[in-house]
Structures are given as structure tokens and as C-alpha cells.
Amino acid sequence: MIDVDIIKAEPKIFIFKNLYTPEECDAILNSGITFEPALGYDGTTKKSIQSEWRTCHTHYDRENRFGLTDRNYKVVKPFFWFLDEFTTENLEEPQIQRYDVGQEFKPHEDFFTHPGIHEDPNDRIATLIVYLNDDFEGGETYFTKLDIRIVPKQGAALFFDYKYIFDLNMKTQHAGLPIISGQKWIATSWIRGKRYNSNEDPNNRL
């Protein structure tokens, strides 16, 4: 049975403490996958760009090589009972991310809709981050508006949602703090309000 810690009830911030086994995590770490520089989203140009705001490296698991989509879907599905239709296609393809020493993801929101600035008809509504290792220093996930710091533990997954009004959604602003030593590996699944196909997204926000 998965052990769950409720960090905050609204917005929901949960930790699934043993979602993946060390062997499952190590299989990804030792798989020999290749990486490319990670992209961030420019709210002004509405395009994905490379920037110093997000300095890690990413592998796009478009073929679902590690079965992350199916596994993660089963975990998050109960949170979205209110949607008329919620399938694996609501999950973006997983990103496996590697952070080297000094790399970070500065404070940001995972959703795109900002009233009066940009509206997204199929916005992200939640995030699931699987921590694939913990043999490093730094790299905590820090919720800047809530002063909540999550220390990565191998096999644990951080879930948080932002399906509320804008002010409450903004409380999920977070950062991946800089790595002091070692490497941090995570696998991230973003959840959309409707079915999502990255090939149909002109901005390629992945």
C-alpha cells in the first residue's frame, strides 16, 4: 500500500512516499537515456524557449518506455472524479529531468492561464513529480508562497494541483532549488484538464 503524507489540503500538496521501488528508479537512472537542454515557457511570446530560468536537462519519454504514464494515471485519477472524461491522454508525456551541480528551476507556476494576460483552453491542472534518487545535496522543491520545502526521497512522488481560482493557484508557485553536489533525477507528469496531444500544440510547451 502506498503511504501518503498530506502536506496541505488546499491547494492539495501530497507526498506518495513509496510510489516507486528503488529498483524501478535505478532502472531509469541506468538506462542510458539521452538528454537535451530543458525549455521554459515564455508568457510574452507564448512559446517554449531555452533560458537561464530553467537550467536542467530533459529526456522526453514519448514512447512511454518506462510505463510512467499508466502508473501515474492510476495514482492521480481519483483526484479528478469531477471531470466528465479523464484518461491517460490527459497526462502529458513524462519528462525525465537531470539537474547537475548549480542547475535549478527558479520560481514558476506550472499552469499557463493568467487572467487578462493569457488564457489557455486546455490548461494544466496538476503536477506529479517522481524523485528518482536522493544521493545529492540541495535540489529541494520549494513552494515559495507557502514556505513549504520538500526534500527528495527516492521513489517518492510529489503531487499538487491548481484547479482553483487564480489567487489560490498562485500559491503553488515553486522552485527546484540549486544542486550543491551530485545529480538530481526526477520524472515529471503534467496533467491537463482535457485530452492533450503535443503534436497538436503549436507552441510545443513540452
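When the range 28-54 is filtered for residues that are modelled with pLDDT of 75 or more, assigned to a loop (DSSP other than H, G, I, E, B) and touching a Gly at 6+ places or on another chain (Cβ under 8 Å), only Trp53 remains. Is it the case that some residue within the range 168-177 is of a type in the set (A, V, I, L, M), modelled with pLDDT of 95 or more, under 18 Å from Glu52 (Cβ atoms) and touching a strand residue (DSSP E or B) at 6+ places or on another chain (Cβ under 8 Å)? Looking through the range 168-177, at least one residue is of a type in the set (A, V, I, L, M), modelled with pLDDT of 95 or more, under 18 Å from Glu52 (Cβ atoms) and touching a strand residue (DSSP E or B) at 6+ places or on another chain (Cβ under 8 Å). Of the residues Lys163, Lys153, Lys145, the single one that is part of a loop (DSSP other than H, G, I, E, B) and either touching a Phe, Trp or Tyr at 6+ places or on another chain (Cβ under 7 Å) or at positive phi (or both) is Lys153. One residue stands out in the range 93-129 among those that are polar (S, T, N, Q) and either in contact with a strand residue (DSSP E or B) (Cβ under 6 Å, 6 or more places away or on another chain) or surrounded by 20 or more Cβ atoms within 10 Å (Cβ to Cβ) (or both): the one that is nearest to His174 (Cα to Cα), namely Thr127. Given the structure, is Ile129 in contact (Cβ under 8 Å) with a residue 12 or more places away in the chain, out of contact with any Phe, Trp or Tyr (no Cβ under 7 Å at 6 or more places or on another chain) and part of a strand (DSSP E or B)? The answer is yes for Ile129.
The values are calculated or read from the model by the stated rules, or taken from the named source; none is laboratory data. Bear in mind that the values here come from a model prediction, so they are computed numbers and not experimental data. For neighbour counting, all protein chains shown are included, and Cβ atoms are generated from backbone atoms with ideal geometry for every residue, glycine included.
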